[in-house]
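> Please find one structure pasted underneath; my questions will follow.
All of the numbers you see were taken from the coordinates with simple rules; none came from a lab. The shown structure was predicted, so the numbers you read here are calculated from the model rather than taken from an experiment. Backbone-built Cβ (ideal geometry, glycine too); neighbour counts: all protein chains shown.
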Amino acid sequence: MPPTYSVELPDVNYFARQVLCREGCPVRTDAGGYVQAIAEGRYEDAYIIARTPNPFASICGRVCAAPCETKCRRSALDAAVSIRALKRFVCEKYGVESDGFDLNRVYPELRDPRRERIGGNRKVAVIGAGPAGLSCAHELALMGFAPTVFEAHNVAGGMLVLGVPEYRLPREIIRAEIEAIESLGVEIRHNSKLGKDFAFADLKKQGFEAVFLGIGAHRSRELSIEGVQNDGVLRAIEFLLNVNLGFRVTLGRKVVVIGGGNVAFDVARSVVRQAEKFAGMSEAELRVALHQAAAALEELTAKDAEPPDEVRLALDVAREAIRKGVPEVHMFCLENVSEIPAAREEIEEAENEGIQLHTRFGPKRILGRDGKVTGIELIKASRVFDENRRFNPQFIEGSEETVDCDTVVLAIGQSADLAWIQPEDNLKLTPRGTLQTDPATMATSRPDVFAGGDVAFGPRIIITAVAEGKRAAGSIAKFLTGKEAAEPRQARVTIFNTQQYRMKPDYEKFARQAPPTLPMDRRIGIAEVEKVYPETAARLQADRCLKCHIGPVFNGDECVLCGGCADVCPEYCLRLVDVAQLRGNEKLQVAFLARYGCVPAPGQQGAILKDETRCIRCGLCAARCPTGAITMERVELVPA
């Protein structure tokens, strides 16, 4: 019996779904579009493509978890395209960090004073100036609403400022992105904490017609084991808050970090940078630092005299103390290396910086003397997840190990502080302690209140919070005006000259190269570790893109079923089969009736099948076709 093949007839949505990087991005950034623009040297176009759906493009170019790269079809060939790092490249040319940044280039409608304003300056309250809240305010302002953002701290940015270390995300980038949002008319009120400085019921009295809650998860989850009350046990979020707000944290000589997520790695990498306090010290302070460094660097003790250039020498000694005298940092997590939820790059960079990672360990109790941490007892884990992939760790009896240390930092998760909720607020919670929120509309149990980000669904990556803020803005607009905020879209087809369409020579052999990084001996303080691609390297990396927007389209009226396309295909993604072997939904049956007037019997008609997962868009099939039945086309949805 001949095999059968499950097929789908392509339409506009089918072609849109082939751009997997765009499908993988929560805000549907056309990553392939800006990568291809970079490859062609169209940098301003690339920036506009990257920034239009994402008010934090410059930030995401540095710290996004890059779900787009997870979807990238190039990874099936060798490795995904460096989408995130390429975004940073183009943002540094035209983004908020560049001298010529102009938001009007991204949103040309801002230049038209007569543009339709959906919102009519109606007031909306946004609680929390993190990625979700600011994204919601950004979208509302673009639609003409008057959003006011209430922020509990004296600085906006949420966990971008309070949780992400400065060596990963320079603070001037965050400030510039927020200033761009404020330029749209968004008001940010600092030091305004919900439940302390104002009650939820006060918002209605102030004339706000709708509310978005994006307060984040700034409270570390607790661990119920013996010894957590000892001095020297820190919670990850509190630790990062103190570090990022500039407070000195005393850690001792040996630190243990419990956890395996991105926050745990941020903590561990921040610990080794605590000697940053040497940077920028006065001459007198550096002299003190020199004396302190001498204890750890006996071979340099003799230099603690009046040198010819004492400032330069003091700096050199202080930096040497940083390199040799930072705390010894160990990370213990339940997962093995393949299960750790942190990004691979984070793990590699942490290990390169001297952080020692220990897997399959869980904390059993924290040891102390006179109320001060002296060590931690850990137990070996046999597994973390059960057969249904649910979190259910199992431990090996008798496998306990004790590690001496001065500080234990717990990075085992975060939760939101919802103590401000009153019965009259009519807000329901989930069993997980988050706000009950519809993921499709961001609506809560109260019709005029919407939520997103960590408070709604637990800790999320930045770009997911951005997407939820944007989605909530659309729902708020519909709630207040009764109108859909989404623009109508239409199909656009671009047909390329078959004989001129070519990918770059040997593009399938171009290897992924990581962007340059700061040398290990200079990774101190807030010095940014990852650097931007040089232009030549950026264009080479962009040339690795497989151009999923473009693909061969077959005209059955011109095809003579010669098989030349299948023969020339280097990836063997084309196959000629009998139409009777095709299986599909009712659309396939309708297509048979429209084309043949009946369902063909075996041996009557032929078909060409294409495996999208293998196609590398080389265009050889179109060039080989003797009748011109194959064209290379870009099919996309664009604003009407």
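> Per residue, how big is the convex hull of region 350-472 when only Cα atoms are used? Give it in Å³. Show your work: numbers first, answer last.
Numbers: hull volume 23.4 nm³, N = 123.
Convex hull volume per residue, Cα atoms: 191 Å³.
> Just in region 397-457: which GluC sites (Glu not before Pro) are loop by DSSP and have at most 11 other Cβ atoms within 10 Å?
For GluC sites (Glu not before Pro) across region 397-457 that sit outside H, G, I, E and B with at most 11 neighbouring Cβ atoms in 10 Å, the list reads E397.
> Right, another one. Sorting check: for 442-450, 544-552, which peptide has the highest mean count of neighbouring beta carbons within 10 Å, and how do the rest follow?
Numbers: 442-450: 20.3, 544-552: 23.3.
Put in order of decreasing packing, that is 544-552, 442-450.
> If you don't mind, there's one more thing I want to ask. Using a Förster radius of 30 Å, what is the FRET efficiency between Q513 and Q490 based on their Cβ-Cβ separation? Nearest 0.05, please. Can you show the working numbers first?
Working: r = 39 Å, r/R0 = 1.29.
The computed FRET efficiency comes out at 0.20.
> Compare the peptides 378-387, 617-626, 457-466 by average per-residue count of other Cβ atoms within 10 angstrom and give them in order, highest first.
Averaged packing, sorted descending, gives the order 457-466, 617-626, 378-387.
> Okay, next question. Any idea how far the Cα center of region 556-628 sits from the one of region 458-534, in Å?
34 Å
> For region 429-443, just list the computed ³J(HN,Hα) in residue order, Karplus coefficients 6.51, -1.76 and 1.60, θ = phi - 60°, integers in Hz, with x standing in for Gly and Pro.
Going residue by residue, I get 10, 8, x, 7, x, 10, 5, 5, 9, 7, x, 7, 10, 6, 6 Hz, with x marking Gly and Pro.
> Follow-up question, since we're still on this one. Distance between Cα centroids, region 1-25 to region 347-370: provide it in whole Å.
Result: 45 Å between the Cα centres.
> Please list the non-local residues whose amide H lies under 5 Å from the amide H of G606, H modeled 1.01 Å from N, same-chain partners needing a gap of 5 or more.
V579
> Same structure again: Using per-residue counts of other Cβ atoms within 10 Å, averaged over each peptide, order 48-60, 349-361 from highest down.
On the way: 48-60: 25.5, 349-361: 17.2.
Top of the packing list down: 48-60, 349-361.
> What 222 nm value per residue comes from the helices of the chain, counting each DSSP H run with n ≥ 4 as -39,500 (n - 2.57) and dividing by all residues, nearest 500 deg cm²/dmol? If you can, show how the numbers build up before the last one.
Values: 23 runs with 202 residues, N = 640.
The per-residue figure over the chain is -9000 deg cm²/dmol.
> Counting pairwise Cα distances across the chain, what percent come out greater than 49 angstrom? Can you show the working numbers first?
Details: 48011 of 204480 pairs.
Every Cα pair in the chain considered, those over 49 Å come to 23 percent.
> Express in nm, to one decimal, how much length is gained between V577 and E353 on full extension, taking 0.36 nm for each residue of separation and deducting their alpha carbon distance.
Working: separation 224, 0.36 × 224 = 80.64 nm, distance 5.57 nm.
Length difference between fully extended and current span is 75.1 nm.
> Count the DSSP beta bridges whose two residues both fall in the chain, then state the antiparallel fraction as a percent rounded to the nearest 5.
Working: 38 of 74 bridges.
Rounded to the nearest five, the antiparallel share is 50 percent.
> Using a cut-off of 29 Å between alpha-carbon atoms, which lysines can reach K587, once sequence neighbours fewer than 8 places away in the same chain are excluded?
Of all the lysines, those that pass the test against K587 - Cα under 29 Å, at least 8 places apart if same chain - are K71, K547, K610.
> Suppose a student asked you for the relative contact order of the chain, using Cα pairs under 8 Å spaced at least 6 residues apart; what percent would you report? All intermediate terms of the calculation are to be shown ahead of the outcome.
Numbers: 1241 pairs, mean separation 116.4, N = 640.
Result for the chain is 18 percent.
> Give me, ordered by chain and number, the residues 5 or more places off M331 or on other chains with an amide H under 5 Å from its own placed amide H.
Here V257, Q356, L357, H358 satisfy the definition.
> Using the Karplus equation 6.51 cos²θ - 1.76 cosθ + 1.60 (θ = phi - 60°), what ³J(HN,Hα) coupling, rounded to whole Hz, does each residue of region 538-546 give in order, writing x for Gly and Pro?
4, 5, 5, 5, 5, 5, 6, 4, 7
> Now for a different question. Just need log10 I(q)/I(0) for region 479-613 at q = 0.16 Å⁻¹, Debye formula, equal scatterers on the alpha-carbon atoms, no solvent, rounded to two decimals.
Values returned for q = 0.16 Å⁻¹ are -1.03.
> Quick query: amide H of T517 versus all other amide H atoms, modeled in the peptide plane; which residues come in under 5 Å with a sequence gap of 5 or more or a different chain?
For T517, whose amide H was placed from the backbone, the distant partners under 5 Å are K531.
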